[in-house]
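Have a look at the structure below before the remarks.
The values are calculated or read from the model by the stated rules, or taken from the named source; none is laboratory data. Just so we're clear, the structure is a prediction, and the values are computed from it rather than from any experiment. Glycine also receives a Cβ, built like all others from the backbone with ideal geometry; neighbour counts cover every protein chain displayed.
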Amino acid sequence: MARVDVCAIISAIILATACGPGDSARAQQQRAPAGAAHVGAAHVGTLPDRESLNSGTVTVITAPIGGPMSVMGSDMAAVLDEGESLRVLPILGKGSAQNLVDIIMLKNIDMGFVATDAMEFVKTEYNIPDIAQRVRYIAQLFHNDVHIVARREIRSLQDLNGKRVFAERSIGLPAARTIFRRLGIQADIDSQTDPTGGLQKLIDGQGDAWIASVSKDAPIIKGIKNEGGRLHLLAVPYDRALQDIYLPTAFSSEEYPNLVPPGARIDAVAASTVLMVYNWPENSERYRRTARFVDALFGKIQVLQSPPRHPKWRDTVLSAPVQGLVRFKAAQEWLEGARAMQSPTTDGNPAEFRKFLDERKAQARMSSDEAARLYSDFLKWQRSKETR
């Protein structure tokens, strides 16, 4: 039922009885904001409070349009929006490496999508030895598979020594630099081209391989016509030197019939894509703002994992750890609190959470989605008490 403004009704009655029809209309016009447009009886809105709007907005840097990152950023803006208290503002970025640089350096960027192999690339490219202390991760979202499309004559990674390899900065260069450095391969890497331009140069015979770290079933790769079988997907072994960054994966002929022989399986590696955030001090407004975002993201993850949202959300495992990185504290506390709720012997948050539910007469039996949403509401309630 809509809330009734009793004072407004009383004022209207008094005005109507004290004035004639003409006087009442003039009085209403005088009360209207200066310069407001009147179209019939249309309601004239007011701008939101500037301070509230800014304190509730977080920015997420994604990637160029065409991949899952940009769509997932749009999904977050649609699902997590809570008016002035939380607004997610996606920004198109230039890929993992540049996203990581932007998270560290740009004042207006709160967090962004970053593949884990970009960490080592940026660390060595810009000589930032303490990069792991400058950032934190919120959650692991999905994986990017490292595709190496090579000429038929290239049968192993070692065959790329001294060869020309195209690896555009936004989708392939971090993987190329990291894998080649760790496996001792000295290739001539050409990164001065766009993704499709590099692939076309390989097809035209101007190089020996092309590297892209993208989601499996990528249209750009599935669309290679490959007349005469001149190209193929090169295997990347799950070498011990790669295991602290990459996970094992494989490509099948069902996934890439144009590049994998029928019935064959090509070994490959994949890098985790995480939602990364600057390591904001805990007492800062940016930390509190990001913590509110975390509450909303974790509390509504099942909504994001349902249609019509991007299917890559279904690969997201909030509790999955990321080797070599520290989780953002508010995210870690959310997960610990959710786990503690399942243990009746745990003190602290679970008892307070049960009190929170009792006050709201919440059902004892609820779905996991409802429990997650209520737990996020509980954390907001706790933080509101702390700031009083």
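Filter the stretch 200-227 for residues that are over 22 Å from residue 250 (Cβ atoms) and touching a Gly at 6+ places or on another chain (Cβ under 6 Å) and give the result.
Selection gives 201 alone.
Exactly one of these conditions fails for residue 263: (1) without any contact (Cβ under 8 Å) to a residue 40 or more places away in the chain; (2) small (Gly, Ala, Ser); (3) closer than 23 Å to residue 68 by Cβ. Give me its number.
The number of the failed condition is (3).
Which ones in the stretch 119-143 are of a type outside the set (D, E, K, R) and without any contact (Cβ under 8 Å) to a residue 60 or more places away in the chain?
Selection gives 121, 122, 124, 126, 127, 128, 129, 131.
Mind listing whichever residues of the stretch 286-321 are surrounded by fewer than 16 Cβ atoms within 10 Å (Cβ to Cβ) and not in a helix (DSSP H, G or I)?
Scanning the stretch 286-321 gives 306, 307, 308, 317, 319, 320, 321.
Have a look at 102, 130 and point out the one that is out of contact with any Ser or Thr (no Cβ under 9 Å at 6 or more places or on another chain), within 20 Å of residue 68 (Cα to Cα) and of a type outside the set (A, V, I, L, M, F, W, C).
None of the others qualify; the one that does is 102.
Quick one: which of 167, 150 is in contact with an Asp or Glu (Cβ under 9 Å, 6 or more places away or on another chain), under 18 Å from residue 116 (Cα atoms), in contact (Cβ under 8 Å) with a residue 40 or more places away in the chain and buried (at least 24 other Cβ atoms within 10 Å of the Cβ)?
167
Please go through the stretch 202-235 and pick out each residue that is modelled with pLDDT of 90 or more and assigned to a loop (DSSP other than H, G, I, E, B).
Once the filter is applied, which keeps residues that are modelled with pLDDT of 90 or more and assigned to a loop (DSSP other than H, G, I, E, B), the stretch 202-235 yields 204, 205, 206, 207, 208, 223, 224, 225, 226, 230, 234, 235.
Working only within the stretch 236-249, note down all residues that are surrounded by fewer than 19 Cβ atoms within 10 Å (Cβ to Cβ), of a type in the set (A, V, I, L, M, F, W, C) and closer than 24 Å to residue 312 by Cα.
247
Tell me whether the stretch 90-113 contains one or more residues that are aromatic (Phe, Trp, Tyr) and surrounded by fewer than 23 Cβ atoms within 10 Å (Cβ to Cβ).
So far as the stretch 90-113 goes, no, none of its residues is aromatic (Phe, Trp, Tyr) and surrounded by fewer than 23 Cβ atoms within 10 Å (Cβ to Cβ).
Restricting to the stretch 188-242, name every residue that is over 32 Å from the mean Cα position of the chain (by Cα) and among the small types (Gly, Ala, Ser).
Listed by number, the residues that qualify are 205, 207, 228, 229.
Does residue 179 qualify as being more than 16 Å from residue 115 (Cβ to Cβ) and of a type in the set (Val, Ile, Thr)?
No: the conditions fail for residue 179.
For residue 238, all conditions in the list (1) touching a Leu at 6+ places or on another chain (Cβ under 6 Å); (2) among the hydroxyl-bearing types (Ser, Thr, Tyr); (3) more than 22 Å from residue 99 (Cα to Cα) hold save one; what is the number of the exception?
Going through the list (1) touching a Leu at 6+ places or on another chain (Cβ under 6 Å); (2) among the hydroxyl-bearing types (Ser, Thr, Tyr); (3) more than 22 Å from residue 99 (Cα to Cα), residue 238 breaks only (1).
Would you pick out the residues in the stretch 44-74 that are buried (at least 20 other Cβ atoms within 10 Å of the Cβ) and farther than 24 Å from residue 104 by Cα?
Selection gives nothing.
Go through the residues of the stretch 249-256 one by one and say whether even a single one is within 29 Å of the chain's Cα centre (by Cα), within 24 Å of residue 321 (Cβ to Cβ), assigned to a loop (DSSP other than H, G, I, E, B) and without any contact (Cβ under 8 Å) to a residue 40 or more places away in the chain.
No, the stretch 249-256 contains no residue that is within 29 Å of the chain's Cα centre (by Cα), within 24 Å of residue 321 (Cβ to Cβ), assigned to a loop (DSSP other than H, G, I, E, B) and without any contact (Cβ under 8 Å) to a residue 40 or more places away in the chain.
Show the residue pairs that are 6+ apart or on different chains and have beta-carbon atoms under 8 Å apart, the first residue being within the stretch 294-306 and in contact (Cβ under 8 Å) with a residue 24 or more places away in the chain, the second being among the acidic types (Asp, Glu) and assigned to a helix (DSSP H, G or I).
These pairs meet every condition: 299/377; 302/369; 303/369; 304/75.
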